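Input: a single structure, listed below in structure tokens.
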Amino acid sequence: PAETPEGQACGLVKNLALMCYITVGSPSDPIIDFMVQRNMDVLEEYEPLNFPNATKIFVNGVWVGVHREPAHLVSNVQALRRNGLISHEVSLIRDVRDREFKIFTDAGRVCRPLFVIDNDPKSSNYGNLVLTKEMVQTLEDDRDMLAAMEPEERERAEMGWKRLVKGGVVEYVDAEEEETIM
């Protein structure tokens, strides 16, 4: 049971949902290196008069460079996250109006899980959940297999919920990314 405070403490108590995740942080250097390889102009070498409409790239609040094709860059980094090549706790925020792309890899952000919808117009599953009936059946099979495993072995197994996150079916999204996700 959740208690609701009255009086002075009213509005100060927040409850954390069961599936929420607090980020533990991951290194930002590999992401910066990836973007430099993908034509990001490093801030020290950027000439504003040549590309006045370039999108600013921030990593953990630090302005690291600019990019001339932000839509392509954002979709590439998002695909890396969905394919498990970068950590699922990396947050990607594209602010079109301010021409900014912010990436957060720091610790302490509260994230919640959301199911991914296929937004590839070429896909036959366009506009639908990436989660399929076969995946749900696999989850049920995983549950039976996990029940038979030892606790240490169960912790290492890439099954169940971990499989959905690693497979890009579920994304963990923080509050700032949630505002720009659509």
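May I ask you to derive the FRET efficiency for Leu114 and Ala148 from their Cβ-Cβ distance with R0 = 30 Å, giving the value to the nearest 0.05? List each step's numbers first, then the result.
Numbers: r = 31 Å, r/R0 = 1.03.
Once rounded, the FRET efficiency stands at 0.45.
Working ranking of peptides 141-147, 29-35 by packing, defined as the average number of other Cβ atoms within 10 Å per residue, highest first, is 29-35, 141-147. Excluding same-chain neighbours fewer than eight residues apart, the lysines reachable from Lys133 by a Cα-Cα span under 29 Å are Lys122, Lys162, Lys166.
Could you give P(r) for the stretch 1-144, binned at 5 Å from zero, as whole percent values over all Cα-Cα pairs? Pairs per bin, as whole percents: 2, 7, 13, 16, 15, 14, 12, 9, 7, 4, 2, 1, 0.
Here the stretch 67-102 is scanned for amide nitrogen atoms under 20 Å from the site 7 Å beyond the Cα of Tyr46 along Cα-to-Cβ, giving 67-78, 91-102. The GluC sites (Glu not before Pro) found in the stretch 1-60 that occupy coil by DSSP, while having at most 11 further C-beta atoms within 10 Å, are Glu3, Glu6.
For the stretch 35-105, taking the reciprocal of the average inverse distance between every pair of different Cα atoms yields a Kirkwood hydrodynamic radius of 12.4 Å. Note on Lys133 and Val36: their simple-model spin labels are 5.0 nm apart, each label 7 Å out from Cα toward Cβ.
Just so you know, all these numbers are worked out from the coordinates, no wet-lab data involved. All of these numbers come straight from a predicted model, not from anything done at the bench. Quick reminder, even Gly has a Cβ in these numbers, built from the backbone with ideal geometry, and neighbours come from all protein chains shown.
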